[in-house]
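**Student:** Okay, handing you the structure first.
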Amino acid sequence: MLLTPQAPIVVSFACCSPSVLCIAEADVKEVPQMDSGPITVKKPRIGGLKKICFPQKYESLPGFSCVAGLYSCQWDPHQQKEIEPGQCCCEMRDRIFTPVFVAAFCLTCIFLYMWVKAKNDYHNFDWYNYNTFGSWFLWSKLFLVVAALLFSYLLLLLILAMCLVSASQQVHMHWSHKFATVFALVISIAVFVMITLLWTEEWKILRLSFQITSPYLHVAAIVIMVLFAWPVSLHVIQMKNKVLQVVILGPYLAILCFLFFIPLGLSSPCIREKGTLGPKPALIGHRGAPMVAPENTEMSFQKAIDHGAAGLETDVTISYDGVPFLMHDKTLKRTTNVQLLTSHNINENAAMFTWNELEQLNSGEWFLEDKQFMDAPALSPEDKRLAENQSVYKFSDFLKLANQANKLILFDLYRPPVDHPYRDNWINRTIEVLQTESGIKPHLVLWLEDRQRSYVQSVAPGFQHTLGTTAPVEELQSRKIGKLNLDYRDMSSEEIWKYAEANITTNFYVVSEPWLFSLAWCSGAHSVTTNAVHALGSVTEPSFLITPAEYKSMWITADVLGVILIGLIFGIQWWRLNGGTSTVSLENGTYNQFRTELNKMPSVA
């Protein structure tokens with residue numbers, strides 16, 4: 001097809017963005033008329049050319065019609081608007097909603113990260129809800145699914161928006177997505193309020209997790225900023241308003257600089273020189289091995305011993321007729337078939353039952369019916385038969401098992417309720433069982449109960465006395481305390497080493513996740529109480545152990561590559577949008593006529 005301009009013109013097609021058609025013009029000041037002279041179509045030279053750019057039809061990007069449909073519910077390509085050079089990527093109503101979306105995305109990200117790291121405490125969370133609602137359900141798993149779905153949904157919306165911006169298409173979020181975004185924001189805020197009011201200590205897990213994950217989160221953040229460089233650079237370069245350019249580019253560069261230098265303020269016990277790592281913490285089975293056997297039963301403690309536990313932890317209650325037995329809950333309804341004893345209320349305190357009644361109960365069938373741990377391994381047929389035949393375990397039998405296997409014992413001793421015959425001499429009765437009925441070696445006993453400690457030290461001098469809270473070293477030494485049993489959320493490598501220098505060892509409870517066990521190992525903990533003896537027993541080294549040189553190399557490499565890639569992306573975008581040429585605008589009438597004639601051309605050389 002030949003066109004007749006007033007002067008000869010060289011025309012080429014190049015994309016300055018996926019939706020912009022560029023026409024290079026040589027040696028002309030204005031666009032020629034369409035009805036005079038032939039036009040020669042050939043590949044132009046880059047130097048000395050002016051470039052005329054105007055939008056392409058959206059049909060040239062068929063894949064983005066699906067993207068626009070998912071994001072804006074605009075499935076017809078003609079509905080989607082292109083971003084004119086210098087314009088913002090969205091209308092005012094969407095710009096106003098942007099902070100809401102950013103807040104929802106950030107909060108759901110924190111929600112998911114926090115809840116994944118809180119996996120160590122899922123059992124405590126489910127147990128709390130059991131006491132509240134009266135039935136067992138894995139609420140922790142439900143929260144995890146909700147957090148993953150909310151974050152994935154908002155991440156998908158973010159990716160779709162980035163694709164549209166990268167293709168110079170206008171971003172317009174459909175009202176249904178806005179409603180869902182507000183819903184995700186409300187859910188995340190509600191969860192954070194709930195945790196703050198009911199489970200404040202759980203926020204400490206973020207601080208601990210950053211000691212392990214910060215080097216890797218830094219690299220991930222750099223990668224994300226590199227991915228964001230494409231739409232940011234496209235938008236900034238297209239903008240004609242300098243203020244808007246600063247508004248877009250300023251926060252991006254500020255975050256980037258923060259990420260480049262934040263490793264200077266990061267530290268982790270697992271970043272250490274080779275040869276400085278202490279011995280692996282000893283494992284104390286929390287109620288035995290509750291992931292593979294019913295808790296506080298003979299089977300559970302035997303499994304813990306088989307998997308190499310150095311000690312056994314349990315909970316001791318005294319029956320109405322003075323027989324100490326193992327039971328964690330105040331009632332029997334979660335871990336026994338107490339409903340078969342019609343003479344008692346199932347919500348009655350476990351200490352109000354006689355031993356004759358207790359030994360009739362089954363303590364294993366519940367374990368096969370209610371899954372207590374999300375990632376508990378499957379049981380063999382033999383273990384299932386053994387589990388369903390467990391009974392309430394007597395404290396003296398537990399002591400004999402520990403003594404035979406030469407295992408340390410650590411136990412919480414529950415004082416009986418009011419009107420109980422052993423309300424006032426419960427410690428005496430426990431000491432009697434320890435010293436006369438079991439025959440356990442005194443040095444295997446880690447005595448935790450702080451009430452009447454002086455009396456216990458006088459009548460049982462061989463026990464290793466353990467305290468459940470931190471205290472000054474001088475006070476611990478004066479009270480003859482040789483071991484601390486602390487919540488893992490209070491873990492501090494500085495305090496661990498301070499106590500170790502005074503020959504006071506530290507045990508942390510309950511540590512069941514490999515990353516948390518790795519942190520305890522790197523921090524110098526002497527031992528941990530765990531639900532996962534079967535899993536942590538096979539750990540040979542901390543999961544995130546790196547040397548300072550390796551960390552420095554990883555940090556510098558990530559920063560340098562980030563700078564290079566981001567600079568390269570900005571350079572490519574500038575070349576695509578400008579290419580070292582000037583831009584000449586066309587009036588609508590001339591453009592439409594010229595475009596019509598060009599569409600009639602069969603091909604372009």
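The values are calculated or read from the model by the stated rules, or taken from the named source; none is laboratory data. Note that the coordinates shown come from a computational prediction; the quantities given were computed from them, not determined experimentally. Note: ideal-geometry Cβ built from the backbone for every residue, glycine included; neighbour counts use all protein chains shown. Remember, those area values only see protein heavy atoms, side chains included, never the ligands or the DNA or RNA. Shrake-Rupley method; radii C 1.70, N 1.55, O 1.52, S 1.80 Å.
**Student:** If you check Leu138, Leu197, Leu150, which single one turns out to be surrounded by 13 or more Cβ atoms within 10 Å (Cβ to Cβ) and over 30 Å from Thr336 (Cβ atoms)?
**Tutor:** None of the others qualify; the one that does is Leu150.
**Student:** Considering every residue within region 205-222, establish whether at least one is open to solvent by 60 Å² or more (accessible area, probe 1.4 Å), without any contact (Cβ under 8 Å) to a residue 24 or more places away in the chain and more than 16 Å from the chain's Cα centre (by Cα).
**Tutor:** no
**Student:** Looking at (1) over 30 Å from Trp575 (Cα atoms); (2) open to solvent by less than 50 Å² (accessible area, probe 1.4 Å); (3) of a type outside the set (Ser, Thr, Tyr), can you tell me which one Ile189 breaks?
**Tutor:** The one condition Ile189 does not meet is (2).
**Student:** Filter region 228-240 down to the residues that are of a type outside the set (Lys, Arg) and either open to solvent by 70 Å² or more (accessible area, probe 1.4 Å) or assigned to a helix (DSSP H, G or I) (or both) and list them by number.
**Tutor:** Phe228, Ala229, Trp230, Pro231, Val232, Ser233, Leu234, His235, Val236, Ile237, Gln238
**Student:** Could you check, for region 567-581, whether at least one of its residues is of a type in the set (Ser, Thr, Tyr) and surrounded by 14 or more Cβ atoms within 10 Å (Cβ to Cβ)?
**Tutor:** The answer is yes; a qualifying residue exists.
**Student:** Those residues that are open to solvent by less than 10 Å² (accessible area, probe 1.4 Å) and within 26 Å of Asp121 (Cβ to Cβ), I need them from region 472-485; list them, please.
**Tutor:** Leu484
**Student:** Would you tally the residues in region 449-471 being open to solvent by 40 Å² or more (accessible area, probe 1.4 Å) and among the hydrophobic types (A, V, I, L, M, F, W, C)?
**Tutor:** The total comes to 1.
**Student:** Determine whether Glu587 is out of contact with any strand residue (DSSP E or B) (no Cβ under 9 Å at 6 or more places or on another chain), open to solvent by 60 Å² or more (accessible area, probe 1.4 Å) and at pLDDT below 90.
**Tutor:** For Glu587, the condition - out of contact with any strand residue (DSSP E or B) (no Cβ under 9 Å at 6 or more places or on another chain), open to solvent by 60 Å² or more (accessible area, probe 1.4 Å) and at pLDDT below 90 - is met.
**Student:** Among the residues of region 380-393, are any closer than 26 Å to Ala282 by Cα and more than 35 Å from the chain's Cα centre (by Cα)?
**Tutor:** yes
**Student:** Something else: Could you count how many residues in region 436-449 are more than 19 Å from Trp355 (Cβ to Cβ) and modelled with pLDDT under 95?
**Tutor:** 1
**Student:** Which members of region 171-186 meet the condition of being surrounded by fewer than 20 Cβ atoms within 10 Å (Cβ to Cβ) and either without any contact (Cβ under 8 Å) to a residue 12 or more places away in the chain or outside any helix (DSSP H, G or I) (or both)?
**Tutor:** Passing the criteria: His174, Trp175, Phe179, Phe183, Val186.
**Student:** Another question, if that's okay. Restricting the search to region 282-336, which residues are among the β-branched types (Val, Ile, Thr) and out of contact with any Lys or Arg (no Cβ under 8 Å at 6 or more places or on another chain)?
**Tutor:** Result: Ile284, Thr297, Val316, Thr317, Thr331, Thr335, Thr336.
**Student:** Let me ask you something else. Being in contact with a Phe, Trp or Tyr (Cβ under 8 Å, 6 or more places away or on another chain) and under 16 Å from His534 (Cβ atoms) is true for just one of Met374, Met352. Which residue is that?
**Tutor:** On inspection, the qualifying residue turns out to be Met374.
**Student:** Can you pull out every residue in region 385-418 that is open to solvent by 70 Å² or more (accessible area, probe 1.4 Å), over 15 Å from Thr317 (Cβ atoms) and either of a type in the set (D, E, K, R) or not in a loop (DSSP other than H, G, I, E, B) (or both)?
**Tutor:** If the condition is that a residue be open to solvent by 70 Å² or more (accessible area, probe 1.4 Å), over 15 Å from Thr317 (Cβ atoms) and either of a type in the set (D, E, K, R) or not in a loop (DSSP other than H, G, I, E, B) (or both), then Arg385, Leu386, Glu388, Lys400, Gln404 are the ones that fit.
**Student:** Under 6 Å between Cβ atoms, which residue pairs at least 6 apart in sequence (or on different chains) link something in region 499-519 that is touching a residue at least 12 places away in the same chain (Cβ under 8 Å) with a partner that is among the basic types (Lys, Arg)?
**Tutor:** Thr505/Lys483; Glu513/Lys119
**Student:** Scan region 501-533 residue by residue and report those that are more than 12 Å from Ala282 (Cβ to Cβ), of a type in the set (Val, Ile, Thr) and within 20 Å of the chain's Cα centre (by Cα).
**Tutor:** Once the filter is applied, which keeps residues that are more than 12 Å from Ala282 (Cβ to Cβ), of a type in the set (Val, Ile, Thr) and within 20 Å of the chain's Cα centre (by Cα), region 501-533 yields only Val510.
**Student:** Cβ-Cβ under 9 Å, sequence separation 6+ or interchain: first residue in region 268-282 and more than 20 Å from Ser553 (Cα to Cα), partner hydroxyl-bearing (Ser, Thr, Tyr) and loosely packed, with under 10 Cβ neighbours inside 10 Å. Which pairs?
**Tutor:** If the second residue must be hydroxyl-bearing (Ser, Thr, Tyr) and loosely packed, with under 10 Cβ neighbours inside 10 Å, the pairs left are Lys280/Thr540.
**Student:** Sticking with this one: If I go through region 451-476 residue by residue, how many of them are assigned to a loop (DSSP other than H, G, I, E, B) and over 26 Å from Leu401 (Cβ atoms)?
**Tutor:** 6
**Student:** Quick test for you: out of Arg451, Arg423, Arg385, pick the one residue that is within 24 Å of Lys480 (Cα to Cα) and of a type outside the set (Phe, Trp, Tyr).
**Tutor:** Sole residue among the options that is within 24 Å of Lys480 (Cα to Cα) and of a type outside the set (Phe, Trp, Tyr): Arg451.
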